[in-house]
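Asks: Please read through the structure below; I'll follow up with questions.
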């Protein structure tokens, strides 16, 4: 019976016999795991030569001899010559050293160990082997299906033995709201989370998919109401990580686009807490796309300026609108819309510049309001426009820009797809 064994080979000598592509793949995997690899073969392929030149492996350009197995922890033989591979297996067996025989693709392997088809999710390594004789293709097929589940975040990957020195924080950009726009890496991070510190915006539905014992801390903010200040959020992240937990900070959009992600990274680093960032789909770009608005369009505009509406106009944004040389996207601008309109008009922007206001972008109740600059504040007020919403200003926001005749549409829109010119 075959048993899967996680072998620790870091800084331990491993012998690879053979110089072809199979040996090269095995050698590279071993080097990546930290093993001290010695390759023995009269000739090596280019891939193996690159490993040697880079100083990642040692090469003896000759035939293998029994003494090459002295003091090694593991042997891989992949010469493709039946007699040589059999001799290596016999030497290894006599010395009680495990040996993987990868030298013959069309014959039963005779070694005492097998290399599983592997896939990794964070610090979890999953391997697949056949117990009824070597069958690499079947193992790979099974591995690939398992990998798809791991990538999708369908498996609970939390550690059951937390350690104070292994806590960490992952800032995850959750996208504009639709769970389908949360990245694969973001879902995988959530599958490892012991604690999720969540914003009001972003894919809140994904929280319902978490195991019941994952702790969810709500630190959501709304316009004019910040019940959990940023300093307290920083403290929560650091404290949970220092208790050995994997903490996911789930944010709307992208952590580094008006998400205060930089402040949270600095807070973690100053406390000695490991922190990584998973980028997200920013609403600055997704909202326009969901509304059928191209932020750049050949022959019309080729630049985009993103700004925070609460900070008011920058000279670059006003210049771009006056010259019709860029599209301006305004985040957090609904409350400041009347002041933004007054500032743009007094700054010399054409009153007829098209504006689109995209509410709750990508969600089932998404709504788009179109108006000219000089009237958009009044129109938005009459329609009861509310945050969260994204403003898009410029010629690309003109209604019907991408309208095409029905018989020219190649694909019918699926659920949640934008209607052009809505």
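The values are calculated or read from the model by the stated rules, or taken from the named source; none is laboratory data. Nothing here was measured: the structure is a model prediction, and the numbers come from that model. Cβ sites come from the backbone with ideal geometry, for glycine too, and all protein chains shown count toward neighbours.
Asks: Scanning region 315-351 for residues that are touching a strand residue (DSSP E or B) at 6+ places or on another chain (Cβ under 6 Å) and assigned to a loop (DSSP other than H, G, I, E, B), which turns out farthest from residue 379 (Cα to Cα)?
Replies: For region 315-351, the residue satisfying everything is 326.
Asks: What is the number of the single condition among (1) at pLDDT 95 or above; (2) assigned to a strand (DSSP E or B) that residue 266 does not meet?
Replies: It is condition (2) that residue 266 fails.
Asks: Could you run through region 256-282 and say how many residues are over 25 Å from residue 220 (Cβ atoms) and in contact (Cβ under 8 Å) with a residue 60 or more places away in the chain?
Replies: The number of residues fulfilling the criteria is 1.
Asks: Got a number for residues in region 356-380 being surrounded by fewer than 22 Cβ atoms within 10 Å (Cβ to Cβ) and free of Cβ contacts under 8 Å to residues at least 40 places away in the same chain?
Replies: Number of matching residues: 11.
Asks: If residue 231 meets every condition in (1) assigned to a helix (DSSP H, G or I); (2) buried (at least 17 other Cβ atoms within 10 Å of the Cβ); (3) outside the structural domain of residue 359 (by TED's automatic domain parsing) apart from one, which number is that one?
Replies: Here residue 231 meets the rest and fails (2).
Asks: Is there a residue in region 80-89 that is within 30 Å of residue 209 (Cα to Cα), at pLDDT below 95 and either touching a strand residue (DSSP E or B) at 6+ places or on another chain (Cβ under 9 Å) or assigned to a loop (DSSP other than H, G, I, E, B) (or both)?
Replies: No; the residues of region 80-89 include none that is within 30 Å of residue 209 (Cα to Cα), at pLDDT below 95 and either touching a strand residue (DSSP E or B) at 6+ places or on another chain (Cβ under 9 Å) or assigned to a loop (DSSP other than H, G, I, E, B) (or both).
Asks: Go through (1) at pLDDT below 90; (2) under 24 Å from residue 362 (Cβ atoms); (3) in contact with a helix residue (DSSP H, G or I) (Cβ under 7 Å, 6 or more places away or on another chain) one by one and return the number of the condition residue 182 breaks.
Replies: (1)
Asks: If only one of 39, 16 is more than 35 Å from the chain's Cα centre (by Cα), closer than 20 Å to residue 99 by Cα and assigned to a strand (DSSP E or B), which one is it?
Replies: On inspection, the qualifying residue turns out to be 39.
Asks: Of the residues in region 20-46, how many are buried (at least 16 other Cβ atoms within 10 Å of the Cβ), at pLDDT 90 or above and either more than 17 Å from residue 69 (Cα to Cα) or not assigned by TED's automatic domain parsing to the domain that holds residue 84 (or both)?
Replies: 5
Asks: Within region 283-319, track down each residue that is at positive phi and touching a residue at least 40 places away in the same chain (Cβ under 8 Å).
Replies: Result: 292, single match.
Asks: Could you check residue 107 against (1) surrounded by 14 or more Cβ atoms within 10 Å (Cβ to Cβ); (2) modelled with pLDDT under 70; (3) more than 17 Å from residue 63 (Cβ to Cβ) and say which number it fails?
Replies: Every condition holds for residue 107 apart from (1).
Asks: Go through region 69-83 and report how many residues are buried (at least 18 other Cβ atoms within 10 Å of the Cβ) and more than 37 Å from the chain's Cα centre (by Cα).
Replies: 3
Asks: Please find, among 280, 253, the residue that is crowded, with 17+ Cβ neighbours inside 10 Å and at positive phi.
Replies: Just a single option satisfies the conditions, and that option is 253.
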